[in-house]
Amino acid sequence: MICENIGINGNHLTFAGMDTVALAEKHGTPLYLFDEDRVRHNCRVYLEAMKKHFGESSFPCYASKAASFKRIYEIMKDEGMGIDLVSPGEIYTAMKADFTMEKSLFHGNNKTDADVSYAMECGVGYFVADSIYELDAIARCKKDSTKQKVILRLTPGIDPHTYDAVATGKVDSKFGTAIETGQAEELIKKALSNESIEIVGYHCHVGSQVFDSEGDVYLQAAKIMLGFGAKMQKEYGVAFKVLNLGGGFGVRYTDNDPYLDVDATIGKLGAFIKEECAQLGIDVPQIIMEPGRSIVADAGMTLYSVGTIKEITGYKNYVSIDGGMTDNPRYALYGSKYTVLLANRMDEECDFVADVAGRCCESGDIIQPDVKMPKPVRGDIVAVCTTGAYNFSMASNYNRIPRPPVVMISKGKDSVAVKRETYEDLVKNDI
Ligand code: LLP
């Protein structure tokens, strides 16, 4: 199985030690499952590896765009994680979960003045400032004489060969300010006269779903960022306290995906950073990373019920389920691969091939093409694995389809963390 929290008991698929067919029956489908113990395990892998290889002051900030709801922030608080927030909505949700905001970062390439003021009111720890517009906005919105801690988002000009929608560290990105063009240095010069901010360091994020095989992109990014930080410290006296290397570690969606060893990858990066800092004659800065996908992806699974089975003679087969691109738009958007299983018939031969399709009024509403499974019948349970990241958080109400609930599993017990949307929820803002 692609992750150790997935198993088989008799002919039923298990997740986090629980029978998925029984969970589908109890909570209904479509259904998002979250394995809380796996989320905690993934957090601890980062917490330990970063302390060990980057030093005591380093810490991971969970990139909550991957999955944002109250219970997740409660878990992050409990585990001692920082959090990366990218909108006032995420800030609001974290506040509702009583997250300690000093350990939060506020991202975004176009923060409005209202966003900036709200984040300040909430006591967000660091602004990850994308451009001069944001630095000006911080100055405009600052109500007291304290300085706002700012990390400048820069583009180191690295291309990790991931798919274009998520490659964010390239020079021509909409995010950050480019080092290569000299604009990052210009930004620093301007920022120095801004009384409302303290530049504490620099941020970059090369991309998402990145593996070691991509040619050490993190080492390349670290080299450029450290060189830039050292130069700014020497030439302009900007103390280089923090280096945030973003998120992006890849996860296994199918058996063909490689396995990324987080501890080993961070170990290699830590050794490189120490060496590089020694050569540059600077202290090793506090290192922050922002894992999202690798914290929650394999902690998630989605369950659906089979409805229509269509065999188009001489062409292809479709198995339609009671969810689709509204709860998981990733195949429709990126052609993402998933492992799809027939959860109630795990002991049967997979001798039928079909596209697993959603119920939206759109041909592109496919969860996964060419899935091998036992020939299903109406009412069978389809499980899509590794859906913890960018599924719930990217869900929509297209075709007025209510979002599924999130059920958390911890130590063999299931509990609802987010309720199923109702039809009443769908019209609650309609006047
Ligand atoms: N930090 C920053 C600044 C980011 O932009 C992102 C992701 C992360 C951290 C977390 O990256 P992760 O560890 O999750 O790879 N919707 C796409 C992914 C978009 C990622 C956007 N930024 C997907 O479903 O694949």
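The values are calculated or read from the model by the stated rules, or taken from the named source; none is laboratory data. Remember, predicted model here, so these are calculated numbers, not experimental data. So basically every Cβ, Gly included, is an ideal-geometry build from the backbone, and we count neighbours across all protein chains shown. Heads up: the accessible areas ignore ligands, DNA and RNA and are worked out on the full protein's heavy atoms, side chains in. Shrake-Rupley method; radii C 1.70, N 1.55, O 1.52, S 1.80 Å.
Expressed as a whole percent, the accessible area of the chain that falls on carbon and sulfur atoms is 49 (1.4 Å probe). The listed residues Arg400, Arg252 rank as Arg400, Arg252 when sorted by accessible area, largest first, using a 1.4 Å probe.
Quick one: helix 132-141 against the long Cα principal axis of the chain, what's the angle to the nearest 10°, folded into 0 to 90? For 132-141 against the chain, the angle is about 80 degrees. Over the chain, the alpha carbon radius of gyration divided by the compact-protein estimate 2.2 N^0.38 Å works out to 1.03. Loop-resident GluC sites (Glu not before Pro) (DSSP state other than H, G, I, E or B) in segment 325-368 with no more than 12 further Cβ atoms inside 10 Å of their Cβ: Glu349.
Solvent-accessible surface of segment 107-290, averaged per residue with a 1.4 angstrom probe and all protein chains in place: 43 square angstrom. Pairs from the table (Lys143/Lys170; Lys143/Lys189; Lys103/Lys174; Lys70/Lys223) lying more than 28 angstrom apart at Cα are Lys143/Lys170; Lys70/Lys223. Gain on full extension, evaluated as 0.36 nm per residue between Lys413 and Thr254 minus their Cα-Cα distance, stands at 54.5 nm.
Counting only other residues whose beta carbon sits under 14 Å from that of Asp283, what net charge do I get with K and R as +1, D and E as -1? Neighbourhood net charge equals 0. Cα axis of helix 70-79 to longest principal axis of the chain: angle in degrees, 0 to 90, nearest 10? Tilt relative to the chain: about 60 degrees.
The listed residues Ser415, Ser305 rank as Ser415, Ser305 when sorted by accessible area, largest first, using a 1.4 Å probe.
Scaled against 2.2 N^0.38 Å for its residue count N, the alpha carbon radius of gyration of segment 107-290 is 1.05. Phi angles of segment 64-69 translate, via the Karplus equation with coefficients 6.51, -1.76, 1.60 and θ = phi - 60°, into HN-Hα couplings of 6, 4, 5, 6, 10, 7 Hz per residue; Gly and Pro are given as x.
Report, in degrees rounded to the nearest 10, the 0 to 90 angle that the Cα long axis of helix 36-54 makes with the longest principal axis of the chain. Result, in degrees: 30.
Neighbours of Gly82 by Cβ distance under 12 Å: Lys/Arg scored +1, Asp/Glu scored -1, total -2. Ranked by the mean number of other Cβ atoms within 10 Å of their residues, highest first, the peptides 11-22, 61-72, 228-239 come out as 61-72, 11-22, 228-239.
With Cβ to Cβ distances under 11 Å as the rule, what net charge do the other residues near Lys96 carry (K, R +1; D, E -1)? Computed value for this residue: -1.
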